[in-house]
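The next block holds one structure in the form of structure tokens; read it before the comments.
Each value in this text was obtained by applying a stated rule to the coordinates, not by laboratory testing. Bear in mind that the values here come from a model prediction, so they are computed numbers and not experimental data. Every residue, glycine among them, receives a Cβ derived from its backbone with ideal geometry; neighbour counts consider all protein chains shown.
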Amino acid sequence: MALESTPNHTQTVAGWAAHDSSGKIVPYIFKRRENGVNDVSIKVMYCGICHTDLHFINNDWGITMYPVVPGHEITGVITKVGSNVKNFKIGDRVGVGCLAASCLECEFCKNSQENYCDQIQFTYNGIFWDGSITYGGYSDMLVADHRYVVRVPDNLPMDAAAPLLCAGVTVFTPMKDCQLLESPGKKVGVVGLGGLGHVAVKMAKAFGHHVTVISTSPSKENEAKHRLDADSFIVSTNDEQMQRGKRTLDVILDTVSAQHSLGPILEMLKVNGTLAVVGAPDRPIELPSFPLIFGKRSVKGSMTGSMKETQEMMDVCGKHNITCDVELIKPDQINQALDRLARNDVRYRFVIDITGNSKL
Ligand code: NAP
Ligand code: ZN
């Protein structure tokens, strides 16, 4: 691991944290490091509430280090730059996603795939080089290594762009891997119409594909077709609709946050089709072999994106004017928002207005 000297943790920051798996978020005052030579300081304006935050707050994956300050869909404005930082200046509109540090030396770091570095450290619930636990964007200020910061295109609003930093890049990278950026006219399926799913629909449509949403929520059909422009909507609990959908899709993105079987989803792929799993349920998902082998189908995973891909995704969203459909909340509404997210009641991403000044 590259040893980088990190300055003292002397800056007092106001944030919001969960202290145990009861999941309740309360105001929390903590310290951040001084702005180091490679760092930028960011006044946080908006932070999306990703389902991953809920997994961590509830300790679904058994790896939460409390107190946890969640948040990895952060937009804000730079207030300080370190002496080694040449590509950002004070006042720049920037975003921070899931990544806080990586070793910078392994084959993945050297090839702009640092999201697969085996020493990757995340924006929250990670351990930084100096041994300190990282705290995320449910806070009014962030110190970030400039190598893990991207620019927000001028035409994108900071609130509706915030969820792109995780939800956006997480669905963008498997689409890119499956050549969906350069070859329009494919049949693309999106399973789960939540934070990740709704951006996936918008991106796939912008890239010129025929998009089918596969959902457990019949109530989302109208919006999916008319607001998000999906071409087709299948209710996954409706056997007849699932039967009709068999062997129709080239690529499917599975964004589901809860345990489920991949069998019926695989059946919807054409022969040779690819299922990219990005949802991260706490228990194993069922992977029956018959639909896999009878259709020579592939299942692959994907974990957020590299910084290069994150910037590329932001620029592509700027070009196509892709933003997220958000419900803006104040920090004192975080607990209600988390309850609603757990009940699958959000259209389609909660975003915390950290400064309380939505006009910024
Ligand atoms: P979300 O907004 O809650 O959306 C998840 C969607 O899954 C729901 O809207 C719902 O869609 C569907 N769903 C929920 N419960 C279900 C069930 N029991 N059976 C079938 N479908 C169900 O969550 P998100 O923020 O998009 O995140 C989704 C998952 O991706 C989470 O597990 C998160 O941790 C993970 N994630 C992974 C990465 C990565 O790097 N791979 C990055 C970010 C997030 P319908 O109502 O349409 O069925
Ligand atoms: Zn996330």
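So what's the angle, to the nearest 10 degrees on a 0 to 90 scale, between helix 307-320 and the longest Cα principal axis of the chain?
Taking the Cα atoms of the chain, the angle to 307-320 is about 70 degrees.
For segment 243-256, just list the computed ³J(HN,Hα) in residue order, Karplus coefficients 6.51, -1.76 and 1.60, θ = phi - 60°, integers in Hz, with x standing in for Gly and Pro.
Those phi angles translate into 4, 5, x, 4, 6, 10, 10, 7, 9, 10, 9, 9, 10, 6 Hz.
Highest first, please rank the peptides 342-351, 131-140, 178-187 by the mean number of other Cβ atoms sitting within 10 Å of their residues. Don't jump to the answer; show the numbers that get you there.
Values: 342-351: 18.4, 131-140: 22.0, 178-187: 14.9.
My ranking of the peptides, most packed first, is 131-140, 342-351, 178-187.
Once you list every other residue whose beta carbon is under 11 Å from the beta carbon of residue 339, what net charge do they have if Lys and Arg are +1 and Asp and Glu are -1?
Net charge around residue 339: +2.
I'd like to know which of 259, 338, 351 lies farthest towards the positive end of the charge dipole of the chain, counting +1 on Cβ of Lys and Arg and -1 on Cβ of Asp and Glu.
Of 259, 338, 351, it is 351.
Over 27 Å between C-alpha atoms is what I'm after, so list which of 86/110; 24/225; 187/300; 186/220; 110/202 land there.
24/225; 110/202
Taking the Cα centre of segment 169-301 as the origin, how large is its charge dipole in debye, to the nearest 20, when only Lys and Arg (+1) and Asp and Glu (-1) carry charge on their Cβ atoms?
Here the size comes out at about 280 debye.
Let me spell out the model: positive unit charges on the Cβ of Lys and Arg, negative unit charges on the Cβ of Asp and Glu, origin at the Cα centre of the chain. What dipole size does that give, in debye rounded to 20? The partial results should precede the final answer.
Working: 36 positive and 39 negative charges, 131 e Å.
Here the chain has a charge dipole of around 620 debye.
Calculate how steeply helix 167-177 sits against the longest principal axis of the alpha-carbon atoms of the chain, using the helix alpha-carbon long axis, and give the answer as 0 to 90 degrees to the nearest 10.
Taking the Cα atoms of the chain, the angle to 167-177 is about 60 degrees.
Please quote Rg/Rh for segment 57-193 to two decimal places, taking the Kirkwood radius as Rh and restricting both calculations to Cα atoms.
With Rg and the Kirkwood Rh in hand, the quotient comes to 0.98.
Measure nothing fancy, just the Cα-based angle from helix 195-206's long axis to the longest principal axis of the chain, in degrees from 0 to 90, nearest 10.
70 degrees
Give me the distance in nm between label points sitting 7 Å out from Cα along the Cα-to-Cβ direction at residue 179 and residue 328, one decimal.
Calculated label separation equals 4.3 nm.
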